[in-house]
1. Report whether or not residue A:164 is over 24 Å from residue A:115 (Cβ atoms), β-branched (Val, Ile, Thr) and within 11 Å of chain B (Cβ to nearest Cβ).
2. Kindly provide the set of residues from region B:74-92 that are touching a Lys or Arg at 6+ places or on another chain (Cβ under 7 Å) and surrounded by fewer than 20 Cβ atoms within 10 Å (Cβ to Cβ), ordered by number.
3. Can residue A:80 be described as modelled with pLDDT under 85 and of a type outside the set (Asp, Glu)?
4. Only one residue in B:14, B:58 is without any contact (Cβ under 8 Å) to a residue 60 or more places away in the chain and surrounded by 15 or more Cβ atoms within 10 Å (Cβ to Cβ), so which one is that?
5. Which members of region B:101-128 meet the condition of being surrounded by 16 or more Cβ atoms within 10 Å (Cβ to Cβ) and within 9 Å of chain A (Cβ to nearest Cβ)?
6. Identify the residue in region B:27-81 that is part of a strand (DSSP E or B), of a type in the set (A, V, I, L, M) and within 14 Å of another protein chain (Cβ to nearest Cβ) and, among all such residues, is nearest to residue B:196 (Cα to Cα).
7. Check A:127, A:144, A:108 and return the single one that is over 30 Å from residue B:78 (Cα atoms), touching a residue at least 12 places away in the same chain (Cβ under 8 Å) and away from every other protein chain (no Cβ under 14 Å).
8. So, residue B:173, is that one part of a helix (DSSP H, G or I), within 18 Å of the chain's Cα centre (by Cα) and within 27 Å of residue B:103 (Cα to Cα) or not?
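The values are calculated or read from the model by the stated rules, or taken from the named source; none is laboratory data. Computed from a prediction, not measured in an experiment: that's the story for all the values here. Cβ sites come from the backbone with ideal geometry, for glycine too, and all protein chains shown count toward neighbours.
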Amino acid sequence: MTAPAMTAAPAAPAPARNAPHGLLARLPALWPAAMLCVFFLIPFVIMVAFSFYHRVEGGLYQPAFELDNYARFWSPLFTRVLGFSLMICGLAAVFCVVAAVPFTWFLSRTRRPAQVAWLVCILSILSLSEVIMGFAWSILLSRSAGLSNLLVTLGILDSPEAWTPSFGALLMGLCFIGFPYSVLMLYPAVNRLDPEITEAARTLGASPLRGFFTVVIPSLRQAILATAILVFVFTLGCYVLPQVLGKPEHWTLSVLITDQAIYQSNIPFAAALAVFLVLVSLALIGLTLLLGQGRRR
Amino acid sequence: MHELRLQGIAKDYGRVTAVTDVDLAVPAGKLVCFLGPSGCGKTTLLRIIAGLESPTKGQLLLDGRDVTPVPTHQRNFGMVFQSLALFDHLTVGENIAYALRIRGADKAAQRKRAEELLAMVQLPGVADRHVSQLSGGQRQRVAIARALAIDPSLFLLDEPLSALDAKLREAMQIELRQLQQRLGVTTILVTHDQREAMTMADVIVVMGQGRIQQAGAPLEIYRRPANAFVADFIGTGNLLPVRVDGAGLRLGDAVLTASEGLDGLKPGAGATLLVRPEEVQLRPAGEAGPNRVAGTVDFVRDVGNSVEVYVDCAGTRLVAAAARKDLPPIAAGQTVTVELPPESCVVLAA
């Protein structure tokens, strides 16, 4: 196809009308770069360096270059925890997207004041910290004071049940954290969608539901993929919820990293685990993006 | 071929009335054009026909069968939207074959039909291209092909050419009209462009304030508009405020006679007289005769192929239009006599 060559050609010789001159003019580009460097890149490099250090018993470490910390991964415990973390965060991402896409779609169809009210409510959830959310849900799902008491009153259950700690409670907690982000990520894309495309699908013989799946979902493909990745990465970093809502076998890699860094005082191993988690996440995101690109023509 | 009948259609949004009292027959195989200014209810009426809005009152009869309760996706009415509403995630061919895919046709049949339709809209060989790679005019053709892919009982077009530039629009009007005549599909076109309506329609329905102001053949509407609203909207016209006098119609000092619409006028009442600019004759100053008014040339708009002369007749401005070769040299400030031939004067209902 010649199209890329044709569009690239005129772009090259045309100089930007207000090309930046001097340091001041480049500030808009330099500032974010500097911030990223100071708050992300430098700490990350320090962490990578620490992951090769040698641990000294008693909570200290000394500079070295050894791969022992990385070698320790290949124990059944850590590979199982890694697999579980990826699985539960992937599930949370899927559930969040499945819940948030129809929600955002219907939201975009309501009147403006209603939309604003809903978005404010959803934003206010974000003001709660993971700790508050975790304990709130652990109370709501508990036997003594939880929602099951309500079901007993309604006659659905015979006696109150404890729903936490459990896999389901943890998954629900992660979805609760991911959902507001999902809606906020999807909202602009859904709002930009031409309402006439669903009407066009209807005139062409698709029922509203059929039109939603054959036209709306594929049109939102990019936004849905981005949302799933965001929720996946975000929940992968949760380390309070698994401890509050899950049993020890539900603890994710983030919990183990916290445990190693804070309670075992093994900073080099915690750093190695963190680096490994980052690399695995990046690889998965890359793979997802690659698959998403491949399906697009 | 199918015919559509609208009976007492009305649509309210809360206290706002979008359309009211619409009774109309859309004859089989004809192109009917809803023409009117923005906000006149023409798009609402089209959306009611498509089933995208439900009427507050009234019925839609397709070949005598009531289709008012039938949902959009079971009506089989092809529609071209103002935004075109092409599916950006699909190729051109997939866009056109979408309806066939929904109906469960196999891939080969979808492909064959898409290529047939692309040939029909004179856009062959682009089936595998992405919609975003097409120009505005090409996207237009794809939208038309997609709507025709279902062999629609009714073909509905909502200002389909409004996004195109003037030259392309004029060419597409002719092409679309010829396609419609060749297929013989009953078609409803919504537009605010009276030239487009005159070019394409068998029947023009002029709408204003949510009502049908007049429905009829294009030239009939042009020559004998039912009221001042229609006269003002279709073409340019001299709308002259006159007073009914014993002998005829008084405009300033002059007394005029008209051939149409004089019945039922009471002496002393006010009325509006319509004379199309191309019917107005300019004569040398002082030439007396019936239906003549003296005036001074105010401005001359010479656009090459035609000339418009604005004449001030005792405070009333008149426009005369003529081909350049039919007009003697004329300049602003000159005094002239304006003849309004009685056979081209139409008195309009207030």
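1. For residue A:164, the condition - over 24 Å from residue A:115 (Cβ atoms), β-branched (Val, Ile, Thr) and within 11 Å of chain B (Cβ to nearest Cβ) - is not met.
2. We begin by selecting, within region B:74-92, every residue touching a Lys or Arg at 6+ places or on another chain (Cβ under 7 Å); these are B:84, B:86, B:89, B:91-92.
The answer is B:91, and nothing else.
3. On the way: modelled with pLDDT under 85: no; of a type outside the set (Asp, Glu): yes.
No, not satisfied.
4. So the residue among B:14, B:58 that is without any contact (Cβ under 8 Å) to a residue 60 or more places away in the chain and surrounded by 15 or more Cβ atoms within 10 Å (Cβ to Cβ) is B:58.
5. Pass one, region B:101-128, residues surrounded by 16 or more Cβ atoms within 10 Å (Cβ to Cβ): B:101-102, B:110-111, B:113-115, B:117-118, B:120-121, B:123, B:126-127.
Once the filter is applied, which keeps residues that are surrounded by 16 or more Cβ atoms within 10 Å (Cβ to Cβ) and within 9 Å of chain A (Cβ to nearest Cβ), region B:101-128 yields B:101, B:102.
6. Checked region B:27-81; the qualifying residue nearest to residue B:196 (Cα to Cα) is B:80.
7. A:144
8. no
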